[in-house]
Amino acid sequence: MRFGCPVELVTDRGANFTSRLVKHYTQRIHSTHKLTSAFHPRTNGKCERLNGILKTMLRKYVHGAIHMWDDFVDAALFAARIRKHRSAGFSPFFLVYGRDPVLPGDLLRPYLIPTVANDPRTIAEHTARELESLGQVRAAAEQRMRAVSEYDKQKWDAAITKVDFEIGDHVLMRNEQKYGLEYNWMGPFLIVDKNDITNIYKLVSIGGEPYPSWVHVDRLKEVKAESIREPWVDQQA
């Protein structure tokens, strides 16, 4: 762990993350492990976006030798960390270390680091000023990220039609693991609980079997029927 134990881990529900080994490990390091909604990558949008950027970079690095992608992960990560991010206005490297990295192509390399007198008190004062300045930069970056996030949310909300279900409604759930000629939708399911903040729902089949995880509203659609007595679509996800 490069920077110590993480306070919180957010992952999808892949078997490699839901195993007993991972559960035991996160308990040992006292980290909170949170799982995203199934088949809803926007729950962990920042991570998914970075993964997309890294894939694009690796595609350029390997030049068709796709099985050698792991040889270029460090280079791709470094490139991602030193680029200025739109939301923060700074690069992750700068927000961690308080300076830009020294790169091989920098022509003014000797002048990138200011000269500091060789005196312990002067060095301490200079370090204190640098840390104070970095704290201000981090606060400004956090404020900017919140503003950008709110702006993006407003644009997204204006472009979609809000769908809201109530407890007791019957819904169909999109089949994300459809094979061959299987139905696009599974159900119907009965809504037994909801979280209005994150737009996720707890479902129970007509036979009374609970669906194992919360389901995001994006995967649901209303059932239009006067009465529902038995499932007409395979319940298994």
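The values are calculated or read from the model by the stated rules, or taken from the named source; none is laboratory data. What you see is a predicted model, and the numbers here were worked out from it, not measured in a lab. No Cβ is skipped: glycine too gets one built from the backbone with ideal geometry, and neighbour counts run over all protein chains shown.
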Item to complete: From the list P92, P41, pick out the single residue that is under 19 Å from the mean Cα position of the chain (by Cα) and assigned by TED's automatic domain parsing to the domain that holds E132.
Response: P92
Item to complete: Name the residue, out of I167, I197, that is modelled with pLDDT of 90 or more, part of a loop (DSSP other than H, G, I, E, B) and either out of contact with any helix residue (DSSP H, G or I) (no Cβ under 7 Å at 6 or more places or on another chain) or under 17 Å from T43 (Cβ atoms) (or both).
Response: I167
Discussion item. Between L190, L203, which is at pLDDT 90 or above, within 18 Å of S37 (Cβ to Cβ) and surrounded by 13 or more Cβ atoms within 10 Å (Cβ to Cβ)?
Written reply: L203
Worksheet item: Residue check, V7 against (1) within 18 Å of the chain's Cα centre (by Cα); (2) closer than 23 Å to W214 by Cα, all met but one. Which one?
Response: (2)
Practice prompt. Considering only residues that are modelled with pLDDT of 90 or more and aliphatic (A, V, I, L, M), look in the range 11-38 and name the one that is nearest to the chain's Cα centre (by Cα).
Written response: V22
Worksheet item: Hey, does the range 200-212 have a residue that's in contact with a Ser or Thr (Cβ under 9 Å, 6 or more places away or on another chain) and part of a loop (DSSP other than H, G, I, E, B)?
Response: yes
Discussion item. I'd like the full set of residues that are more than 19 Å from V217 (Cβ to Cβ) and in contact (Cβ under 8 Å) with a residue 24 or more places away in the chain, limited to the range 143-176.
Written reply: R144, M145, V148, S149
